[in-house]
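The structure appears right after this line, and notes come after that.
Every number in this text was worked out from the coordinates using simple rules, so none of it is lab data. Remember, predicted model here, so these are calculated numbers, not experimental data. All Cβ positions, even for glycine, are placed from backbone atoms using ideal geometry, and neighbour counts span all protein chains on display.
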Amino acid sequence: MKTIKGSRHFGRAALLITMTAMLVSACSGENGGNGGNRNTSPAKIEGSDSNAPGEGGQTDSALVSDKPITFKWLVPDRREAPVRKDWAIFDRIFERTNARIEFEPVPSDGVTEKKQIMIATNSVTDFMTVPHADARLYGNEGVFLDLSSYIDEHAPHIKAYFEEYPAAKALVTGEDGGVYSVPGLEGLGFNYNWIVRQDLMEEYGLKSPDTPEQLYEMLKAFKERNPDKYPLVTQGVGGTTGLYKVMLRAFTGIEGYIQLEPESGEYKFAGDHPGFVDSLEYMNKLYNEKLLDPEFAILNGAQWEERMLTGKSFVTYHWKTRNQLLTDRAAEAGLIPGYNANAMLEIAASGIKKYQYSRDIFSTGGIAISANVKDKVAAVKLLDYLLSEEGSDYLALGIDGETYDRSEGAPKFLESLGPAPYDKLRGEYGIWYPEISLNMGKSREAERLSEKAQAIEELYLPIVLPAPAPLVLTDEENEINKEKLNNLTVYIEEKMTEFVVGRTPITAPNIQAFIEQCKKLGAQELIDMYNTARGRTNASNS
Amino acid sequence: MKVSWSSRLFDTGNVLFMLLLCAAMIYPIVFVFSASISSPALVSSGQVKLMPQGLTWIAYERILALPELWSSYWNTIRYTVVQTALTLLVTSMMAYPLAKRWLPGRRIILLLAAFTLLFNGGLIPTFLVVQKLGMLNSIWAIVLPTLVNTWYLFIMRTFFEALPSELEDAATIDGCGSFGVLLRIVIPLSMPVMLTVGLFTAVGQWNSFFDALIYLNDRSMYPLQILLRNIIIAGSGSESYVDEGGGTFVETVKYSTMIIATLPILCVYPFIQKYFVQGSMIGGIKG
């Protein structure tokens, strides 16, 4: 039995070594993880000479606490601009406030789940962006700090902000009257436009269309010269860049399936409007005459881009930044010389006014403080500082002289940063970072636009209307909204696609059946609910 | 041996069919590799179909320059090794006694284990347990909650039951304790099932993403999958920020990341494939 004896020692030794190795590897990770930079000493900060006392006239102390204090802040990570620990603006903020912000980056793909779990287990980070409905609901339940008791004494800027924007306060006030987060500002502006191949328009001698009929003629002209291509393409049918929203707005004046109508000031259902059938017939015509890409309903982003880049399609509706992106990518690919994607104005049927709603004035989320934060006063003071002129300048613009300057009066990002410097500002400095900065509008205004982008702005701004005021739904209304809106949207999109591709003929009985089914799925209920909520908002703001 | 004409025809058809299937399976991998070394603009334009065009290494440069890549890789390897080793040890320690028919309370324990096959505490209660035990933001939150998988437990138990008890009697006569019998007799004989369970656990842990997402807070602890998802699946958050910016993102980094993340598994798999095949026959009759 030699083998057993020898292997006894071997076996024991092997077991011992394996367990030790595992413990070591397991624990080595922990040390790395827990040795984080809490309570770093101010000596770490360099370059304090550039932060001369005269900068911005900061003579009053903005310190939130006597000793250095650290707060954790949850941020969705951006792949082209990952969150870093060494952003200069937060060193400056630390110098001014004694508050070190430790970011907890979460992969943007899973951030919603993570936030939900944190809220459900009451283990949210000290600072976090939450959707307004969640702030109202869970703030009420004690997950988020009620700011109202601290505002008067410790947060003058938050107080002024809510006085200037009572709608913002309404968005984050819970049923018990507590104020649970601070919504961010987006600034007025528009996001989407028609994109067309300018070079081909010039080559074929075409004019920008004003009405759907003119658009149809233009698409036909494209088709005649490119018989095997589909001139019009869109990335899907739903959402902000889908085909249906822009077409419905052109024919019915309602931007989407259920939306506020600018003239009447009421929420309406697009299906109720007589122009609805016209829009379906129009899209059906485009589809039948092969002017619309037959796969319009299922294209994803990469496919859409490919069709535009290779010249399989020439006209589309998308984010205004895509004009430049498409032109640049096409130049890089070198497949189509002279490729120039440019914007053209919205179209509208006769009797319908052209318009586009601006982006919402407030962000979809606001910064909330955890109810379990250790130093509540310091946290509120920090949030207040970040909302102040100085703090929001750091978050939105950066460091004076390094990322922006006021040489032209209004602050503008430096030319040396290059055109469209979003990734650089976000990645290297942490400026204009979503869910950190409270004033995205300020950053947008400081952007230097290329001539082309400036022309697009000037083309569209006359028709941009301020976005509908954000609705504050009660908890029951929120439940109904969650329950019904999604199903209704899915049904509408499905049915409309059937009409457009000709699977279901566009006849009066079919349309009638469609509208009835929509009402059954809750269309009218939702409209009434939105109008009631709107009435409430108007009453409280007047 | 004479091969009939129809048999030859069938063989030809069969081989052609299999070749087609192979091509269909191999094509995505070849495409991902080609795209990873092609010019990003050409890939976006859909010009790259099989062979790389506009050769460039920029995608690899970008991903290899990320310091998170190496720490994520190390984390994934660490979590996988620890979890696999512990799973094998603990599962076998639980399956072995349950394989003995004379164990008192055996039925009850087996029923309790089977119960967990059907029911599960749910996400929030599990999270609360992990949180209260202080395991958040540590390797144990990744390893311990999913340590013993009931399926593997049953597979191992079945396998152990099939081992002849005479072997163990012989070892006991020679002075082996229970632990000794397990470690020195049973486990070496159970290499197929050990390797199978070990492989499945390792692959499962290599791919796991959700546990790491909810239990870990520090980016330095994140495994590779989180980095992958961040790069490959564009953020689903507020649209406006997805489109404002992202201009410098090299699209083909997605593909180079895929190659880098799956390369180890691709290299190791051919060597251990035979154990997978053997292992899947575990439920069959043993001679």
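For region A:386-492, trypsin sites (Lys or Arg not before Pro) are listed when DSSP marks them as loop and at most 14 other Cβ atoms sit within 10 Å of their Cβ; the list is A:R406. For region B:165-233, calculate the relative contact order in percent as a whole number, restricting contacts to Cα pairs under 8 Å that are 6 or more residues apart. RCO, region B:165-233: 19 percent.
Projecting the Cα positions of A:G391, A:L145, A:F413 onto the charge dipole of chain A (unit charges on Cβ atoms of Lys, Arg, Asp and Glu, taken about the Cα centre) puts A:L145 furthest along the positive direction.
On the beta carbon distance between B:E61 and A:D528, with R0 = 56 Å, the FRET formula returns roughly 0.45. Pairwise alpha-carbon distances in region A:434-512 exceed 22 Å for 63% of all pairs. Region A:271-286 and region B:1-68 have Cα centres separated by 45 Å.
The mean number of partner chain beta-carbon atoms within 10 angstrom of a residue's beta-carbon across peptide B:41-52 is 5.
Which links in A:K72/A:K115; A:K268/A:K519; A:K223/A:K353; A:K114/A:K320; A:K67/B:K132 stretch past 20 Å when you go from one Cα to the other? Beyond 20 Å between Cα atoms: A:K223/A:K353; A:K114/A:K320; A:K67/B:K132.
Taking other Cβ atoms within 10 Å as a rough exposure proxy, A:H154, A:H318 sort from fewest to most as A:H154, A:H318.
Per-peptide packing, taken as the mean over residues of other Cβ atoms within 10 Å, places A:191-204, B:114-127, B:140-153 in the sequence A:191-204, B:140-153, B:114-127 from highest down. Look at the stretch A:78-89: the mean tally of other chain Cβ atoms within 10 Å of its residues' Cβ atoms is 4.
Sorted ascending by nearby beta carbons within 10 Å, beginning with the fewest, B:V197, A:V464, A:V490 become A:V490, A:V464, B:V197. The loop-placed trypsin sites (Lys or Arg not before Pro) in region B:1-80, going by DSSP, that have at most 11 neighbouring Cβ atoms within 10 Å of their Cβ come out as B:K2, B:K49.
With the convex hull drawn around the C-alpha atoms of region A:383-542, the volume per residue stands at 223 Å³. Label-to-label distance for A:A539 and A:Q303 is 4.9 nm, based on points extended 7 Å past Cα in the beta-carbon direction. Per-residue 3J(HN,Hα) values for region A:158-169, derived from phi via the Karplus relation 6.51 cos²θ - 1.76 cosθ + 1.60 with θ = phi - 60°, read 4, 4, 5, 4, 5, 5, 6, 10, x, 4, 5, 5 Hz in sequence order (x marks Gly and Pro). Remark: relative contact order (chain A) = 20 percent; criterion is Cα-Cα distance under 8 angstrom and separation of 6 or more residues.
Taken along the Cα-to-beta-carbon direction at a fixed 7 Å, the label points for A:R503 and A:E266 span 3.4 nm. When each of the peptides B:13-19, A:308-314 is scored by how many other beta carbons lie within 10 Å of its residues on average, the order from highest to lowest is A:308-314, B:13-19. Say R0 is 30 Å: what FRET efficiency, to the nearest 0.05, do B:T116 and B:Q273 get from their beta-carbon distance? For B:T116 and B:Q273, the calculated efficiency is 0.50.
Building the convex hull from the alpha-carbon atoms of chain B and averaging its projection over directions returns 23.9 nm². What you get for region A:289-379, charging only the Cβ of Lys and Arg (+1) and of Asp and Glu (-1), is a dipole of about 340 debye around the Cα centre. Taken along the Cα-to-beta-carbon direction at a fixed 7 Å, the label points for B:L103 and A:E494 span 5.0 nm.
The mean number of partner chain beta-carbon atoms within 10 angstrom of a residue's beta-carbon across peptide A:186-196 is 1.
Just name one of B:Q47, B:P192, B:I139: the one whose Cα is farthest towards the positive end of the charge dipole of chain B (beta-carbon charges, Lys/Arg +1, Asp/Glu -1). Going by the charge dipole, the pick is B:P192. Dipole magnitude for the protein assembly as shown: computed about the Cα centre from +1 point charges on Lys and Arg Cβ and -1 point charges on Asp and Glu Cβ, it is near 4120 debye. Listed by chain and number, the aspartates and glutamates whose C-alpha is less than 14 Å from the C-alpha of A:K207, apart from same-chain residues fewer than 8 away, are A:D199, A:E217, A:E346. With a threshold of 25 Å on the Cα-Cα distance, the over-threshold entries among A:K374/A:K482; A:K376/A:K482; A:K245/A:K482; A:K285/A:K520 are A:K374/A:K482; A:K376/A:K482; A:K285/A:K520.
Per-residue Cβ neighbour counts within 10 Å put A:I151, B:I226, A:I254 in the sequence A:I151, A:I254, B:I226, beginning with the fewest. Under 12 Å between alpha carbons, and skipping anything fewer than 8 positions from B:K100 in its own chain: which aspartates and glutamates qualify? Candidates past the 8-residue exclusion: B:E161, B:E168.
With all pairs of separate Cα atoms included, the protein assembly as shown yields a Kirkwood hydrodynamic radius of 31.0 Å. Only beta bridges with both residues in the protein assembly as shown are counted; by DSSP, about 60 percent of them are antiparallel. Only Cα pairs under 8 Å and 6+ residues apart enter the sum, and on that basis the relative contact order of region B:65-280 stands at 33 percent.
With R₀ set to 45 Å, the beta-carbon distance separating A:Q214 from A:S416 gives a calculated FRET efficiency near 0.55.
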